[in-house]
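The values are calculated or read from the model by the stated rules, or taken from the named source; none is laboratory data. On a predicted model such as this, the values are computed, not experimentally measured, just so you know. Methodologically, a virtual Cβ is constructed for each residue, glycine included, from the backbone with ideal geometry; neighbour enumeration extends over all protein chains shown. Accessible surface is based on the protein model in full, side chains and every heavy atom, while ligands, DNA and RNA are left aside. Shrake-Rupley method; radii C 1.70, N 1.55, O 1.52, S 1.80 Å.
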Number of protein chains: 2
Amino acid sequence: MFRRYLKAQSLRYTAERADILAAVMETDGLFDADSLLMEMRGQNSSDVSKATVYRTLRLLQDAGIIMPFMLLDAKVTHYQLAYGRRPSDYIVCMQTGRFEPIDCDEVVRLRNRLAEERGWQAVGHRFVVYGVSPEAASDASLESPAQ
Amino acid sequence: MFRRYLKAQSLRYTAERADILAAVMETDGLFDADSLLMEMRGQNSSDVSKATVYRTLRLLQDAGIIMPFMLLDAKVTHYQLAYGRRPSDYIVCMQTGRFEPIDCDEVVRLRNRLAEERGWQAVGHRFVVYGVSPEAASDASLESPAQ
DNA sequence: GTCGGTGCAAATGCTTTGCATTGAT
DNA sequence: ATCAATGCAAAGCATTTGCACCGAC
C-alpha cells in the first residue's frame, strides 16, 4: 500500500522506509516520531536518522496510512494508524493526563450524518472527551476549577 | 472569574492580564497567541509583550476560561473559550484545510454518556470530522487518497 | 546514469525562561 | 516594603531543510 503510493508518486521504496513502515505497523495506539525511533533502535532495524523518520511520517500521512492525532497540551505530534478498527476516540483526564481509548460506533454514524447534512464526505474523525478520571476525583489535592 | 482565580492563587490582576482577558472574551471561535496579539495591537490596548501573552494564556487555561484546541497539522496551539455555547466541534477539509464549526447537542449527550459509563466526569470535548468539502470534491487536481 | 533519498548539521519558528526593572497588594 | 509580573533577549526543543554523498530504478 505504501509501496503502491510511492510508485504512483515516482518515489522510491528504500530500506529505511520499509523499516519505518514496519515499526509503524507494529504500533498499537498513539506514537510520535521520537518514540518510534527509540522503538526501532531498541529492536534491531538499521539505524535510521531522525530526519528520515520525520520525512517518512509525512509520506505515510500523505499516503493515508497514518493520521496525526493532537493531544491536549502535547508538545509533539502524535499519530496512529489510519485504517482498521483503531480507536479514533479517547477520554483524557484533565488532572492526571491519563487517557484511555473509547470504541464507539455511534460516533462514526454521527460524523457521517453530520458531514452528509453539509454536503461533505466524511473520511475520518477525532473525538476526545476531557474529564476527570475516578482516581483524580477522589484526590483532593486540587481545588475545584474556575468554571 | 479570572480575577477570583488569580486571588485564590495569590497572583496579581494586572493591566496586561485584564487586556488579554478582554481580547480573549471578544474572540469568536479559534484563536492563537499570535492572532490575539495582532488583534490587540490593531485595537488600542496597551502594548503587551508576546511573553506575557503566552504566560497569561497558560493562566487562563489553568483557570478553566479557555481550552486548547489542536488542529490537524497546526504548528501553533489554538484556543477557544471553554464555556458557553461555543463550538467544540469542527469539520475540516483534508484537501483545502478549510474548516467550519458544527453545533450539535448529540455530541454533548454522547460524551456525557460515554464518560458516565466509565465512571468519569465529562468536562468538555473536542470533535473534529475530517472529510472532503464540496469545493474540493469537485476539484480533480488531487488523486484519491490511499485508503 | 539519473534523480530521488539519506544523514548530518544548521536553520526555523513557536514557546519558554533568566534576569533586571516595574508595579500590585 | 514585599514579592510577583513584565519586557527583552536568549534559550529550548520539535520539526524542517541545505547539501554532499549514496543508492533505487
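The numbered conditions (1) open to solvent by 30 Å² or more (accessible area, probe 1.4 Å); (2) within 10 Å of DNA strand C (Cβ to nearest atom); (3) farther than 30 Å from B:Asp62 by Cα are all true for A:Asp28 except (2). Inside the range B:1-25, can you point out the residues that are open to solvent by 60 Å² or more (accessible area, probe 1.4 Å), hydrophobic (A, V, I, L, M, F, W, C), within 13 Å of another protein chain (Cβ to nearest Cβ) and within 13 Å of DNA strand D (Cβ to nearest atom)? Of everything in the range B:1-25, those that are open to solvent by 60 Å² or more (accessible area, probe 1.4 Å), hydrophobic (A, V, I, L, M, F, W, C), within 13 Å of another protein chain (Cβ to nearest Cβ) and within 13 Å of DNA strand D (Cβ to nearest atom) turn out to be B:Ala8, B:Leu11. Among the residues here, A:Arg12 does not qualify as among the basic types (Lys, Arg), modelled with pLDDT of 85 or more and assigned to a helix (DSSP H, G or I).
Here the condition is being away from DNA strand D (no atom under 16 Å from the Cβ) and modelled with pLDDT of 80 or more; of B:Leu114, B:Leu57, it holds for B:Leu114 alone. For B:Leu142, the conditions (1) modelled with pLDDT under 85; (2) closer than 24 Å to A:Ala82 by Cα; (3) at the interface with chain A (Cβ under 9 Å from one of its Cβ atoms) are fulfilled apart from (3).
Tally time: how many residues in the range B:31-68 are open to solvent by 20 Å² or more (accessible area, probe 1.4 Å) and among the aliphatic types (A, V, I, L, M)? Of the residues in the range B:31-68, 3 are open to solvent by 20 Å² or more (accessible area, probe 1.4 Å) and among the aliphatic types (A, V, I, L, M).
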